[in-house]
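Working notes for the structure below.
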Amino acid sequence: MTERLNLANLPKEHAPAVDPRELTVGIVHLGLGAFHRAHQAVFTEQAVVATGDTRWGICGVSQRSAAVRDQLAPQDGLYSVLTKGRDSPSIRAIGSIREVLTAPEDPDAVVARIADPQVAVVTLTVTEKGYRAAAGGGLDLTDPEIQADLTGRSPRTVVGQLAAGLARRTETGAGPLTVLCCDNLVANGSLLRRLMEEYAAAASVPGLAEQLDAAKFPSSMVDRIVPATTDADREEAAGLLGVRDEALVVAEPFIQWVIEDDFAGPRPAWEQAGAVLTHDVAPFEQAKLRMLNATHSMLAYLGGLRGYETIAEAVRDEELAGLAQELMTRDVVPTLTPPDGLDLTAYGASVLERFANPALKHRTAQVAMDGSVKLPVRLLGTVRDRLAVGAEPRLASLAVGAWMVYVATGRDVNGRELPLDDPQASRVRAAAGSAAPGAAGLVDAMLSIDTIFDGELAADKVFRALLVDGVARLQNP
């Protein structure tokens, strides 16, 4: 068996450009998944290389399992990023993650790290559902895990972890903290601050309110396609590296990070690694959420129903590619203010080109996950904006209808199961199961889920008619 990757055996041509042993921890990252390792950790290492500032090693926190820690520990914290485009693949090792904590095993260690005076920034990629927000956008104070954290246990939720860590910074003498959300949420920095303030009001933790007042919550927009790593990817990486990497992540060549320039203290020079620092993230964020992410979801549901296992396969279907392009040009672009220097038409074309990358095996089932929290962010804003000006959001409604059929049918055209991986799976299944026969019955049942569709949108006759038409076409192709 090929020897396992570590500092001693990593070929020099693939080694990190900075000795990871020289880094001290200045960042805590909550949500140590593949995306963070292929994105923020890469930017951070490149910033260290550009400036020589070694304060910015990362302590990564896994919110669920010890799998990433167990992968990284025997590898001296190293892992590699296999970049796969239309040209030959490339690979490089990353050493910016210097410590891994597993929150369920040692929640107090997570709090202690956030409170460490050497830590100036906390970043997050915990997916939309990790914030435990209610349908109206505030904190879901009825969530059992939030309630448990509010009783004073060692915190298990990200909001509870941040609150406990911030409060303890008063005791440790640490300076004000910057909390940088990197998830696909509208105005993600402002949203996270709101959640934290609502938690603080319910918790009455000494020192927390003062720390929140001093903290900064800049918004950010992130973009890179990072599919799940396969055994074939690991074999390919081993051939390139000459050693085995159990923590490998795979990514496309494209990478982007737009960050609101609003920090409470020191930070890495991410702009020297290619990040964009700006005073207004919103135009970038809206373009990405409504064009790239919404189209991704549409292709996942329509492609999944047609039996396509990957997004690339779905884009090669000329009809689905045409619908995806129409979604962007007809429904989405009229709702957007283009960011400076971004041609939305060209951006839309680049989105489809990236999705068609045959080297990335981004599964439709993976993109289809968590529909109940993705739809409001990715598609329903477009629907509302188009309805408000008297337009018919036919393509956006078709994408929502495809989600409804995906859930209700549970199988693709070939009879294979379509998995429903969703934080509201039981409620979504119950609604679909209670639907009267026919397209109208399914639409009405799904629109009744008030944690996804607000009352005004659910009652809109134009939206309902568009949904019924789209669902009927999908049920009777």
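Read-outs: derived from the displayed coordinates by stated rules, not from any lab. The structure displayed is predicted, hence computed values, not measured ones. We place every Cβ from the backbone using ideal geometry, glycine too, and count neighbours over all the protein chains shown.
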Next item on the list: For the range 12-278, give the share of DSSP beta bridges that are antiparallel, in percent and rounded to the nearest 5; count only bridges with both residues there.
Entry: 30
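Tell me, what is the Rg over Rh of the chain, with Rh the Kirkwood radius over Cα pairs? List each step's numbers first, then the result.
On the way: Rg = 22.4 Å, Rh = 23.2 Å.
On the Cα set of the chain, Rg over Rh gives 0.96.
Ranked by Cβ crowding within 10 angstrom, fewest neighbours first, how are Ser204, Ser220, Ser372 ordered?
Details: Ser204 9, Ser220 25, Ser372 21.
Listing Ser204, Ser220, Ser372 from fewest to most nearby Cβ atoms yields Ser204, Ser372, Ser220.
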Check: Per-residue HN-Hα couplings for the range 178-187, Karplus 6.51 cos²θ - 1.76 cosθ + 1.60 at θ = phi - 60°, whole Hz, x for Gly and Pro?
Finding: 9, 10, 10, 6, 10, 9, 7, 10, 5, 6
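What are the semi-axes of the equivalent ellipsoid of the range 71-229, taken as the square roots of 5 times the eigenvalues of the Cα gyration tensor, listed largest first and rounded to whole Å?
Numbers: eigenvalues 177, 74, 46 Å².
Taking √(5λ) for each Cα gyration eigenvalue gives 30, 19, 15 Å.
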Note to self: Only four residue types carry charge here, +1 at the Cβ of Lys and Arg and -1 at the Cβ of Asp and Glu. Report the dipole size of the range 282-475 about the Cα centre in Debye, rounded to the nearest 20.
What the structure shows: 260
Item checked: Over 28 Å between alpha carbons, listed pairs Lys288/Lys361; Lys12/Lys288; Lys216/Lys361 -> Lys12/Lys288; Lys216/Lys361
Next item on the list: Compute the relative contact order of the range 419-473 as a whole-number percentage, counting only Cα pairs closer than 8 Å that sit 6 or more residues apart in sequence.
Entry: 31
Check: So what are the ³J(HN,Hα) numbers for the range 6-11, from phi and the Karplus equation (6.51, -1.76, 1.60; θ = phi - 60°), rounded to whole Hz, Gly and Pro as x?
Finding: 7, 4, 6, 10, 6, x
Next item on the list: Give a residue-ordered list of calculated ³J(HN,Hα) values for the range 146-159 (Karplus: 6.51 cos²θ - 1.76 cosθ + 1.60, θ = phi - 60°; whole Hz; x for Gly, Pro).
Entry: 4, 4, 5, 5, 5, 6, x, 5, 4, x, 10, 8, 5, 5
Check: Using the Cα atoms as the points, what is the convex hull volume per residue of the range 282-475 in Å³?
Finding: 109
Check: Over the chain, what is the percentage of antiparallel beta bridges among all DSSP beta bridges, to the nearest 5?
Finding: 30
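Quick check on the exposure proxy: order Arg411, Arg156 from fewest to most C-beta atoms within 10 angstrom. Mind dumping the intermediate values first?
Values: Arg411 13, Arg156 16.
Arranged by neighbour count, lowest to highest, Arg411, Arg156 become Arg411, Arg156.
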Check: Seen from all sides and averaged, what is the projected area of the convex hull of the Cα atoms in the range 423-477, in nm²?
Finding: 3.8
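Once the cut-off is 27 Å, how many percent of the Cα-Cα pairs in the range 162-303 end up in the long-distance tail? Write down the numbers at each step before the final one.
Working: 4240 of 10011 pairs.
Above the 27 Å cut-off, the range 162-303 has 42 percent of its Cα pairs.
Provide the percentage of antiparallel DSSP beta bridges, counting only those with both residues in the range 171-282; round to the nearest 5.
Details: 4 of 8 bridges.
Percentage antiparallel, nearest 5: 50.
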Next item on the list: Return the inverse of the average 1/r over all pairs of distinct C-alpha atoms in the range 86-133, which is the Kirkwood hydrodynamic radius, in Å to one decimal.
Entry: 14.1
Margin query: Helix 40-51 against the longest principal axis of the chain: what's the angle in degrees, Cα atoms only, rounded to the nearest 10?
Written below: 40
Notebook entry, point to check: Taking the range 12-278 on its own, what percent of its Cα-Cα pair distances exceed 30 Å?
Noted result: 26
Next item on the list: Grab the other residues whose beta carbon is less than 13 angstrom from that of Val400, score K and R as +1, D and E as -1, and report the net.
Entry: +3
Check: So what's the Cα pair-distance distribution over the range 8-66, bin width 5 Å, in %?
Finding: 4, 17, 25, 23, 20, 9, 2
Note to self: Between helix 394-409 and the chain, what is the angle of the helix's C-alpha long axis to the longest principal axis, kept within 0 to 90° and rounded to the nearest 10?
What the structure shows: 80
Notebook entry, point to check: Can you give the relative contact order of the chain as a percent, counting alpha carbon pairs under 8 Å and 6+ residues apart?
Noted result: 14
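Only Lys, Arg, Asp and Glu count, each charged at its Cβ (+1, +1, -1, -1), so figure out the dipole size of the chain about its Cα centre, rounded to 20 debye. The partial results should precede the final answer.
Values: 45 positive and 62 negative charges, 99 e Å.
So the dipole magnitude of the chain works out to roughly 480 debye.
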Next item on the list: Find which of Leu299, Leu418, Val351 sits farthest along the positive direction of the dipole of the range 282-475, computed with +1 on the beta-carbon of Lys and Arg, -1 on that of Asp and Glu, about the Cα centre.
Entry: Leu418
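So for the range 240-360, averaging the separation of alpha carbon pairs under 8 Å that are six or more residues apart and normalising by length, what relative contact order in percent results? Walk me through the numbers on the way to the answer.
Numbers: 93 pairs, mean separation 30.3, N = 121.
So the answer I get is 25 percent.
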